[in-house]
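Some notes on the structure that comes next.
The values are calculated or read from the model by the stated rules, or taken from the named source; none is laboratory data. It should be emphasised that the depicted structure is a prediction, and the values quoted were computed from it without experimental measurement. Counting neighbours? That spans all protein chains shown, and the Cβs are built from the backbone with ideal geometry, glycine included. Ligands, DNA and RNA are excluded from the accessible area calculation, which covers all protein heavy atoms including side chains. Shrake-Rupley method; radii C 1.70, N 1.55, O 1.52, S 1.80 Å.
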Amino acid sequence: MGKKHLIVIDPAVEKPAIESFNRIARIAKYPVTYYLPALFGFGNSLKLDRNTLGIIVLGSAASVHDGFEWQQALTNILIKSFEKKIPVMGICYGHQHIAQICGGTVGPLWNNNKKQGVRNVELIKNSLYGNAINGPMIFSHKEGVTSIPRDFEIIAKSDMVDIDGFASSTKPIWGFQTHIEATQAFIDHHNIPIEDMEKPCQFGHTILDKFINSLL
């Protein structure tokens, strides 16, 4: 019998977010497995069963509209996870992929120009993190969720993005457009402009860590 574990899916098309994965693995009090479908596919190693505590889908330079084979495989995995009510957290690309396959829409923002930086995000009261709160989150994207799926609700918003986060009303599914998994290595790799912030990743980490810790 396998051990209970968290699955991290990193759809990176160039450089994997190894540092973000390493941080997740340090926070988790259980084993964490790592998949790079855009670079290596899934193979036959990913199994969803009673030992799967949850799934985190990270960001990607890919668009949900690209139609790659690995994207269909990811869709199949997520649909199975929804059926089994396995908790899922989508981040940036993962957030958009969940929206699309559940019936929402994803499209370009800001005339399809990519924007990067830190924005203040207002979190609406939710079972994942508790009462309403707001704080700085790192962003790097040009597309976004333009309408949420049926039976989903908006749980995060900002001056830049109306749907900065959502949650299913019926299943343990969450998504955030911002990079709540980001590390300093992520900031450096993507050349994200950060001004006079001692701990720019901290607020996002508090949200992701609540998801990780809720799985036990």
Hey, any hits in the range 169-179 for a residue that's part of a helix (DSSP H, G or I), in contact (Cβ under 8 Å) with a residue 40 or more places away in the chain and either open to solvent by 20 Å² or more (accessible area, probe 1.4 Å) or among the basic types (Lys, Arg) (or both)? no
Could you list all residues from the range 189-216 that are open to solvent by 20 Å² or more (accessible area, probe 1.4 Å) and not in a loop (DSSP other than H, G, I, E, B)? His189, His190, Gln202, Phe203, His205, Thr206, Asp209, Lys210, Asn213, Ser214
Have a look at Ser81, Ser127 and point out the one that is open to solvent by less than 10 Å² (accessible area, probe 1.4 Å) and either over 15 Å from the mean Cα position of the chain (by Cα) or of a type in the set (S, T, N, Q) (or both). Ser81
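Hand me the list of helices (runs of 4 or more DSSP H) wholly inside the range 1-115 holding 1 or more residues that are under 21 Å from Gly204 (Cβ atoms) and of a type outside the set (S, T, N, Q).
Values: elements: 18-27, 37-40, 69-83, 93-101.
Of the helices (runs of 4 or more DSSP H) lying wholly inside the range 1-115, those with at least 1 residues that are under 21 Å from Gly204 (Cβ atoms) and of a type outside the set (S, T, N, Q) span 18-27, 93-101.
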For the range 66-95, name all the residues that are touching a residue at least 60 places away in the same chain (Cβ under 8 Å), of a type in the set (Lys, Arg) and under 30 Å from Pro108 (Cβ atoms). none
If you go through the range 39-60, how many residues are closer than 19 Å to Pro16 by Cα, open to solvent by less than 70 Å² (accessible area, probe 1.4 Å) and either in contact with a Leu (Cβ under 9 Å, 6 or more places away or on another chain) or without any contact (Cβ under 8 Å) to a residue 40 or more places away in the chain (or both)? 8
Sole residue being closer than 18 Å to Ile101 by Cβ and modelled with pLDDT under 95, chosen from Leu46, Leu74, Leu58: Leu46
Which numbered condition trips up Ser63, out of (1) in contact with a strand residue (DSSP E or B) (Cβ under 9 Å, 6 or more places away or on another chain); (2) surrounded by fewer than 20 Cβ atoms within 10 Å (Cβ to Cβ); (3) without any contact (Cβ under 8 Å) to a residue 60 or more places away in the chain? (3)
Could you tell me whether Cys102 is within 17 Å of the chain's Cα centre (by Cα), on the phi > 0 side of the Ramachandran plot, open to solvent by less than 60 Å² (accessible area, probe 1.4 Å) and in contact (Cβ under 8 Å) with a residue 12 or more places away in the chain? no
Is it the case that Val118 is modelled with pLDDT of 95 or more, part of a strand (DSSP E or B) and in contact with a Pro (Cβ under 6 Å, 6 or more places away or on another chain)? yes
Total residues in the range 95-108, condition out of contact with any helix residue (DSSP H, G or I) (no Cβ under 9 Å at 6 or more places or on another chain) and under 14 Å from Ser168 (Cβ atoms): 3
Candidate set from the range 12-32 (those that are crowded, with 17+ Cβ neighbours inside 10 Å and in contact with a strand residue (DSSP E or B) (Cβ under 8 Å, 6 or more places away or on another chain)); member that is farthest from Phe68 (Cα to Cα): Ala28
